[in-house]
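J.: Mind having a look at this structure? Questions to follow.
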Amino acid sequence: MLNTGFIKGKVLVLVSLIMLLLGALGIAYGDELDERLSETREKLGEVRSEVNETRGVVRNYASEVAYYNGLISEKAVQMEELQENLDITREKLQQTEDELEEVRVQLDKSTEILNKRVRSIYQVGNVSYLEVLFEASDFNDFVNRFELLKRVVQQDSETIAQVKSDRQRLDQKKAEIEEQQQALTDLINQQEAVRNELNRKKEERNALLSEAEGNLWDIEAEAARLEEQEQQILREIARQRSSGRCPATMISPPYLAGVNTLSWGQAACTTG
């Protein structure tokens, strides 16, 4: 009996030491898991804040892109109006060029008529009009010759006036063509400037939006990784606590009947 009691006492002490050791290990491992969980949740909070911030940046850039898209639509309408004005200007330019060609033809004709008149005033064949006038046989013949010469001079004056008018029209048409050509050039330059500005704004905002979306994707991936890590730690904690209770029921040997070793095992497993 003494030996049996002594052995039971030694076994009880040994079991107690094992339980204390397991409890200490459980506490240490539990503390490590708690620390990992705390760090993971802290990082996860920071990353989630960064996700929200980046989402705001993406929304802002998306709003700006939408704004510039609206502006592009407005500018497109203006560009259509410019194109219509450009077409009208081209039509007017073509009409002016056609009229200018007609004026040039008329000017050539009037100039030719004037040259003929000038030559006929002073000479018909080898005899000048003045000589014909002074060779009149009598006064009536002189008057008739003078009236004829007067009509010729009047016709020449009208021809000269017409030539001057044609020249003035020609100069005016030239000025109109130059002005229309300049207006056409300005419209083309304005259209090109609008197109370039819209393209620049669109490319700039789209680039910023793409960059922000890429950053958001990376940050959300990091957040998902940390969330998974958090769940893994929680599962590990649950598994350790669950597995810590089970060995306690199996540690007590049959010959330690009446010794409350189970409560010690449960305390050791649930401490962490």
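J.: Which one is nearest to the chain's Cα centre (by Cα) among residues in the range 133-144 that are assigned to a helix (DSSP H, G or I) and at pLDDT below 70?
T.: Here the answer is 133.
J.: Still on this structure, I have one more. Please verify whether residue 198 is over 30 Å from residue 31 (Cβ atoms), surrounded by 15 or more Cβ atoms within 10 Å (Cβ to Cβ) and aliphatic (A, V, I, L, M), treating the condition exactly as stated.
T.: yes
J.: While we're on this one: Looking only at residues that are among the β-branched types (Val, Ile, Thr), in a helix (DSSP H, G or I) and modelled with pLDDT under 70 in the range 96-132, which one is nearest to residue 172 (Cα to Cα)?
T.: 118
J.: Could you please let me know if residue 172 is surrounded by 15 or more Cβ atoms within 10 Å (Cβ to Cβ) and over 20 Å from residue 58 (Cα atoms)?
T.: No: the conditions fail for residue 172.
J.: Could you look through the range 176-220, keep only residues that are among the small types (Gly, Ala, Ser) and at pLDDT 85 or above, and pick out the one that is nearest to residue 88 (Cα to Cα)?
T.: 193
J.: Is it the case that residue 46 is acidic (Asp, Glu), modelled with pLDDT of 85 or more, assigned to a helix (DSSP H, G or I) and closer than 27 Å to residue 231 by Cβ?
T.: yes
J.: Does residue 77 satisfy the criteria of being over 19 Å from residue 189 (Cα atoms), part of a helix (DSSP H, G or I) and under 36 Å from the mean Cα position of the chain (by Cα)?
T.: It is false that residue 77 is over 19 Å from residue 189 (Cα atoms), part of a helix (DSSP H, G or I) and under 36 Å from the mean Cα position of the chain (by Cα).
The values are calculated or read from the model by the stated rules, or taken from the named source; none is laboratory data. Bear in mind the structure is a predicted one, so any value in this text is a computation, not a measurement. Note that each Cβ is placed from the backbone with ideal geometry, even for glycine, and that neighbours are counted across all protein chains shown.
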